[in-house]
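All of the numbers you see were taken from the coordinates with simple rules; none came from a lab. Quick caveat: nothing in here was measured; it's all calculated off a predicted structure. All Cβ positions, even for glycine, are placed from backbone atoms using ideal geometry, and neighbour counts span all protein chains on display.
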Amino acid sequence: MKFAVAAALVFAAGFAWLPAGEAAPQKLVLSGASTMAPVAGEIARRFESRYRGTRIDVQSGGSSRGINDVRNGLAAIGMVSRVLKPQEKDLQAHAIAWDGVGVILHASNPVAVLSRQQISGIYTGKIANWKDVGGTDSPITVVNKAEGRSTLELFLRYLGLKASDIRPHVIIGDNSQGIKTVAGNSNAIGYVSIGAAEYEAKHRVPIKLLPLEGVAATVANVRNGTFLLSRPLNLVTGTAPKGLVREFIEFARSEHVDDLVEAQYFVPVSIR
Amino acid sequence: MIWLRHSISSPSASADTLMLWLLRAAAGVAASLVLLILFFLVAESWPLLMRDLPITHFVTDSSWHPDEGAYNLAPMLSGTLYAAGGALLLAMPLGIASALFITYYAPPRGADAYRRLVELLAGIPSVVYGFWGLTTLVPLINQLQPPGSSLLAGILVLTLMVLPTITLTAHAALVAVPGDYLRGAFALGMSRWAMVRGVALPAARMGIVAGAILAAGRAVGETMAVLMVTGNVVQHAGGLFDPERTLAANIALEMPYAVSDHRAALFVSGLTLMLLVMLLWSAAARMGRG
């Protein structure tokens, strides 16, 4: 009984310890792209811990929902994982990171360059052997991403294909699984976030990143915008941001969140 | 002693009542958790289940392309059953043989060490099996026939994972066979193998079957290891070297980025998986009674 009383006291003390001072926290709602929701959530948590008394609510539901919610005033900030379309020029975009996707092969594969048509042919099953694109006489193993992944979406848009056009041999989930699959199969072709692939290739994993249309697949080229298979991750507002919204956007674009952005294999925008 | 006599002479009814209600509450919580999970699965998949009637479109759609509104679960159902069935087919003889070895053939010290080794096998996290499969087994199979990620890889990894369950339950069932039976068999002059085949195995049959169903449950629900080695292409596997996808892997693969209908379709996968496991359990319960 004494124990129970003591436990109750400790419990009550724990409640009293909570900061009750700031009565009404300032609240900010973000909604939009599911690609961005994880990284935005991490940034929001760090923002909350730096600016006491703020609460950032991150909801995902696709880039178009982000646009709609900002227009209707349901969210202060929308998350849009692409360049704004011409009919969306009433909104303001603030890039917080870049996402680049690179095509990877096994390091021992003699093929050094693939054109967009060749990649499209390989992924739709029209080209099934490496000898047709200048490689050895061996069947190609096509590694594709699972439905709903942003990398798949970006890749399909680049090739102008639908998900059901792809004829895959292996479907993977996250980047690391894709890299391990290609590293373990000398005839495989896959595509993953460039940040992840560059990191692994530097750590002696036998994969190589293919250049696209003459541009090397590097984080640097994603950052300067010359690499085509990439896109900005934007925070979108209706008007010029001010107050808490502005503070949050500035924080999300600053070097204080570089580690969080890189942990999701995106490329930070802050200049170093 | 005084304390004991006191409590016996004047049994405190209130303590018993309290205990009874506490236990009832605990049992209620456990039971309602299962029902809640089931309810949750149905509630999340309900919008999609009811929108496009009849429900059979989940097995008759052209393919599984949630972004294009096609939700055919049949290839994943067959994939789940192929992988789990294949693993059981391999693990059953191996597991029962191991159990027989531990129980009747191995020298006592060796049997003990072997049993501990099997227990250790049961404790290895599934992602470790998956990692080993992805980096070792899949490239090996790839050399036989590309792409390597295949039903075969899934079956082999699952076999390793359910083998300890089958071995340990079969061992427990064999140990539980009354000593009188075995002594009787020896007294009749039966050889050891005749005793095992004619007396021990039939007497332990229930326990062995129950263990196999437990293993089947694990094989059906296993996610990470299978996800890493089976290739996850949504298709009816035409052979051992074809890639395929299981229901559990489907959820793990697509859930992180799924929204609206796609998300609901994944809950339908979960519901199907749950029904499959319930079917297995009711089979186990029936077997236990009969």
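Build a GNM of chain A with springs between Cα atoms under 10 Å apart, and of A:Arg231, A:Arg204, A:Arg223 the one that fluctuates most is A:Arg204.
Among residues other than B:Ala91 whose Cβ falls under 13 Å from its Cβ, what is the net charge (Lys/Arg +1, Asp/Glu -1)? So the surrounding residues net to 0. Taking 0.36 nm per residue of separation and subtracting the current Cα-Cα distance, fully stretching the chain between B:Val42 and B:Ala172 would add 43.0 nm. Considering helices alone, the calculated mean residue ellipticity of chain A at 222 nm is -10500 deg cm²/dmol, with DSSP H runs of length four and up weighted by -39500 (n - 2.57) and normalised per residue. Separation of the stretch A:165-201 from the stretch A:213-269 is 24 Å, based on Cα centroids.
Distance from the C-alpha centroid of the stretch B:102-125 to that of the stretch A:34-84: 54 Å, rounded to the whole angstrom.
Over the C-alpha atoms of the stretch A:22-139, the Rg to Rh ratio, Rh being the Kirkwood estimate, stands at 1.22. Each listed q (0.15, 0.20 Å⁻¹) maps to a log10 I(q)/I(0) for the stretch B:172-290 from the Debye sum over equal C-alpha point scatterers, namely -0.80, -1.06. With the convex hull of the Cα atoms taken as the outline of chain A, the averaged projected area works out to 19.5 nm². The calculated FRET efficiency for B:Thr135 paired with A:Gln117, based on their beta-carbon distance and R0 = 30 Å, is about 0.35.
Mean sequence separation of contacting Cα pairs (under 8 Å, at least six apart), scaled by the length of the stretch B:26-77, corresponds to a relative contact order of 21 percent.
As a proxy for reagent exposure, B:Ile37, A:Ile122 were ordered by neighbouring Cβ count within 10 angstrom, fewest first; the result is B:Ile37, A:Ile122. Averaged over the residues of peptide A:161-172, the number of Cβ atoms from other protein chains lying within 10 Å of each residue's Cβ is 6.
Using only alpha-carbon positions in the stretch B:52-182, the gyration tensor eigenvalues give semi-axes of 39, 20, 11 Å once each is multiplied by 5 and square-rooted (largest first). Excluding same-chain neighbours fewer than eight residues apart, the lysines reachable from A:Lys85 by a Cα-Cα span under 25 Å are A:Lys162, A:Lys242. For chain B, the membrane-span-like helix rule (DSSP H, alpha carbon extent of at least 20 Å along the helix axis, mean Kyte-Doolittle at least 1.6) picks out B:151-175; this says nothing about an actual membrane. Step through the table entries A:Lys89/A:Lys202; A:Lys89/A:Lys126; A:Lys27/A:Lys89, compare each Cα-Cα distance with 31 Å, and write down the pairs that go over it. Over 31 Å Cα-Cα: A:Lys89/A:Lys202; A:Lys89/A:Lys126. Computed over chain B, relative contact order equals 25 percent, with contacts defined as Cα pairs under 8 Å that lie 6+ residues apart. Considering only beta bridges that DSSP places wholly inside the protein assembly as shown, some 60 percent are antiparallel. Please give the Cα centre distance for the stretch B:49-67 versus the stretch B:137-157, rounded to the nearest Å. Value for the Cα centre distance between the two parts: 31 Å. Between B:Asp261 and A:Leu74, the simple label model (points 7 Å from Cα in the Cβ direction) yields a spacing of 1.8 nm.
Using C-alpha pairs below 8 Å separated by at least 6 residues, the relative contact order for chain A is 25 percent. Our estimate of slack between B:Leu18 and B:Val34, defined as 0.36 nm per intervening residue step minus the Cα-Cα distance, is 3.3 nm. Note on chain B: Cα-Cα pairs beyond 37 Å make up 32% of the total pair count.
Inter-chain neighbour count for A:186-198: the average number of beta-carbon atoms from partner chains within 10 Å of each residue's beta-carbon is 1. Peptide B:143-151 has a mean shielding of 5, counted as Cβ atoms of other protein chains within 10 Å of each residue's Cβ.
Put simply, the convex hull of the Cα atoms in the stretch A:116-272 casts, on average, a shadow of 10.9 nm². Among the GluC sites (Glu not before Pro) in the stretch A:126-224, those located in a DSSP loop and surrounded by at most 13 other Cβ atoms within 10 Å of their own Cβ are A:Glu213. If you model the stretch A:100-155 as an ellipsoid using its alpha carbon gyration tensor, with each semi-axis the square root of five times an eigenvalue, the axes come out at 21, 12, 10 Å, biggest first. Across the stretch B:208-236, the residues whose backbone nitrogen lies under 16 Å from the label position 7 Å along the beta-carbon direction of B:Arg286 are B:209-210, B:213-214. Using every pair of distinct Cα positions in the stretch A:126-188, the Kirkwood expression returns a hydrodynamic radius of 12.6 angstrom. Going from the residue with the fewest nearby Cβ atoms within 10 Å to the one with the most, A:Lys131, A:Lys89 rank A:Lys89, A:Lys131. So for the protein assembly as shown, Kirkwood radius off the Cα pairs, Stokes-Einstein at 20 °C and 1.002 mPa s: how many µm² s⁻¹? In µm²/s, the coefficient rounds to 78.
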